[in-house]
Every structure is written in C-alpha cells, then in structure tokens.
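Notes follow the structure.
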Amino acid sequence: MAITEKDDVLLNSREVAFLLDLSPDTVNEFARRNVIPAFKKGRQWRFRKRDIASFKRQMRGINAAA
C-alpha cells in the first residue's frame, strides 16, 4: 500500500491543538507521554496528519462509550 503525500503531512503542536481542541502544551505533554504518536524534529514535536486523524477517531469512540 503506497503512502500518499497527503497522508504524510506533518503538523506542529499548535495545529494539532487546534484540530483536537486542546492547548499546545497538552499536545506536547501527550507526545512526551506517548499518548499521541509523534516524533521530534530538532526541539519541536511533529505529528503526522494521519496519526492525528486516527487518534481523533479513537477519542471519539472513548467519549461515545463514556
């Protein structure tokens, strides 16, 4: 299965915070704790858009069950 360019878009913590309705600090903390899939590029956390999309789906599932 080929990885498309669109799926491999990298986001910074501010962009992820906006998508997940969290603060950038919380996003960075989640990245540090391996709650959200992320990797470091220099001193900054980077997130793959497809990872964030699947994380968001998981969160919706957890919230729906609660």
Assuming a strict under-19 Å limit between Cα atoms, what lysine pair count do you get for the stretch 6-65 once near-sequence pairs (fewer than 8 apart, same chain) are dropped? 4
Among (i) 1.20; (ii) 1.44; (iii) 1.12, only one was calculated for this model; which label is it, if the read-out is Cα Rg over 2.2 N^0.38 Å? (iii)
What distance in nm lies between label points placed 7 Å from Cα along the C-beta direction at L22 and I62? 0.8 nm
Suppose every Lys and Arg Cβ carries +1 and every Asp and Glu Cβ carries -1, with no other charges. What dipole size does the chain come out with about its Cα centre, to the nearest 20 debye? 140 debye
Place +1 on the Cβ of every Lys and Arg and -1 on the Cβ of every Asp and Glu in the stretch 6-65, take the dipole about the Cα centre, and give the residue among V27, G42, N63 whose Cα lies farthest towards its positive end. G42
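Readers should treat all values here as calculations from the given coordinates under stated rules, not as data from a laboratory. Keep in mind that what you see is a predicted model, and the values were worked out from it rather than measured. Positions of Cβ are generated from backbone atoms using ideal geometry, with glycine treated the same way; all protein chains shown enter the neighbour counts.
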